[in-house]
1. Residues in the stretch 208-220: is at least one part of a loop (DSSP other than H, G, I, E, B), open to solvent by 10 Å² or more (accessible area, probe 1.4 Å) and under 22 Å from Ala161 (Cα atoms)?
2. Taking the stated definitions as given, is Leu119 modelled with pLDDT under 90, assigned to a helix (DSSP H, G or I) and either among the hydrophobic types (A, V, I, L, M, F, W, C) or in contact with a Gly (Cβ under 9 Å, 6 or more places away or on another chain) (or both)?
3. Looking at Gly110, Gly116, can you tell me which residue is within 30 Å of Gly231 (Cα to Cα) and loosely packed, with under 13 Cβ neighbours inside 10 Å?
4. How many residues does the stretch 54-67 hold that are aromatic (Phe, Trp, Tyr) and either closer than 25 Å to Leu8 by Cα or without any contact (Cβ under 8 Å) to a residue 40 or more places away in the chain (or both)?
5. When you go through (1) under 21 Å from Leu102 (Cβ atoms); (2) open to solvent by less than 50 Å² (accessible area, probe 1.4 Å) one by one for Asp20, which number turns out not to apply?
6. Out of the stretch 67-104, which residues are of a type in the set (A, V, I, L, M), farther than 23 Å from Thr185 by Cβ and outside any strand (DSSP E or B)?
7. Could you tell me whether Leu134 is open to solvent by 50 Å² or more (accessible area, probe 1.4 Å), of a type in the set (A, V, I, L, M, F, W, C) and modelled with pLDDT of 80 or more?
8. Tell me, which residue of the stretch 282-321 that is aliphatic (A, V, I, L, M) and assigned to a loop (DSSP other than H, G, I, E, B) is nearest to Glu341 (Cα to Cα)?
Amino acid sequence: MPTHADSLVRLLARRLSLLDSGFYLGDSHVLNNVESFEPAPLCAIATIDRNDFWLTPLAGYHKPSAIWHDLASVKPSCAITQPSVQPVKEEFNKVIQNLRRLQDSIATPGYQVGKGFILAGGQTGNRLKLRHLLFESLDGRDSADQGFSETLLGDDNIDVAPFTIDNWLVDDDETRDELETLKATHHLVPLPTYDIDGNLIQPHAYRQSLQGALVELYFNMSHWAIAGKGGTQGNDVFTAEIQMIRIIEPPRQTVMPNKRKGDENHNGVPSPDSPSEDPFSFEQWPLTRERHHADLLTLKSTHRLLPVPAYDLEGNFLKPSTYCRYLQGALVEIHFTHGGEIELIRLLELPPATSATVQKRKLPLHLDADEGPTKKRAVA
């Protein structure tokens with residue numbers, strides 16, 4: 001299994017390669033190479049966001065809808081966001097800045113920016129939306145020009161079966177029939193995604209391989225100027241079309257603690273052999289003041305105790321007594337609801353130790369650890 005050091009070495013090597021290409025958007029000088037033509041071959045290093053992920057075989061298509069009018073119009077897509085590791089973390093801000101400057105340089109005078117691929121409101125700031133043309137019209141392509149899949153499937157080392165239209169993954173028979181009909185008019189273009197060893201990722205593994213991964217990606221930025229009607233202002237539309245994705249670091253998989261059936265308490269956390277030893281119970285829950293223990297026990301009849309769903313580097317459930325030691329200042333992967341409720345925390349890097357030996361803090365003489373502040377005695 002690749003180590004963190006392996007991933008860092010691979011990241012720095014790929015970054016250097018992109019800088020040498022002249023089209024790395026994290027480079028301040030990239031616009032000197034791309035502003036004279038369009039579509040522009042651009043590249044970046046980013047994390048594929050776990051949200052808004054639709055890089056699946058059919059992007060969730062089941063039947064014609066307001067989103068996809070028919071199967072031929074399906075375009076799998078994803079959002080990319082700022083990586084968590086330097087130097088590409090800081091350079092992602094340059095990626096956004098350079099794309100905005102590139103858009104401004106080719107914008108139509110008097111037109112407003114309509115639909116675009118720069119998304120606001122991400123957890124780490126702006127995100128980018130990229131899409132992939134899954135079905136290409138046979139009429140719209142030069143017959144002498146081999147498309148991606150012909151070049152791809154001509155490799156003798158690749159099992160071609162999963163990438164053909166006959167074996168493409170679908171969810172129901174109706175979609176299979178619609179896909180069969182497309183064979184006469186369209187060409188299937190598999191997603192050009194590669195793992196850390198340079199192997200083509202099969203369609204069934206798109207989500208588990210890409211969602212949350214640190215990747216090197218190449219895309220074209222396309223621009224359409226749509227004239228206004230009835231006196232309305234025209235719109236500039238920008239899209240980012242995926243050309244290739246290569247994984248630098250696979251997504252971190254959350255490993256749940258191993259447990260036998262029945263080896264968990266009513267809160268769904270691993271239970272010890274004896275209830276009196278259960279660190280997740282009301283009785284053993286750590287408190288800063290012992291006098292609050294009686295109040296906590298009164299809640300047993302009316303409330304459930306829900307420990308923080310936090311896991312260490314090995315995927316083991318953290319005990320409540322270790323929350324501060326392991327979580328305060330740590331680098332973590334965190335999952336939460338739209339309302340801000342924590343669903344899972346997974347340690348990625350331990351917090352830096354404040355000292356070689358952590359000593360217990362001594363209380364001032366006029367403080368009582370249990371009763372709180374007390375008045376100093378008057379000195380005669």
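The values are calculated or read from the model by the stated rules, or taken from the named source; none is laboratory data. Remember, it's a predicted structure, so these values are computed and weren't measured experimentally. When we count neighbours, we look across all protein chains shown, and the Cβ atoms used for this are built from the backbone with ideal geometry, even at glycine. The protein model used for the area step is the full one, side chains on, heavy atoms only, and it has no ligands, DNA or RNA in it. Shrake-Rupley method; radii C 1.70, N 1.55, O 1.52, S 1.80 Å.
1. So far as the stretch 208-220 goes, no, none of its residues is part of a loop (DSSP other than H, G, I, E, B), open to solvent by 10 Å² or more (accessible area, probe 1.4 Å) and under 22 Å from Ala161 (Cα atoms).
2. No.
3. On the way: Gly116 fails: loosely packed, with under 13 Cβ neighbours inside 10 Å.
Going through Gly110, Gly116 in turn, just one is within 30 Å of Gly231 (Cα to Cα) and loosely packed, with under 13 Cβ neighbours inside 10 Å: Gly110.
4. Adding up the residues that qualify gives 1.
5. Condition (2) is where Asp20 drops out.
6. Val85, Val88, Val95, Ile96, Leu99, Leu102 - these are the residues of the stretch 67-104 that are of a type in the set (A, V, I, L, M), farther than 23 Å from Thr185 by Cβ and outside any strand (DSSP E or B).
7. No, not satisfied.
8. Val308
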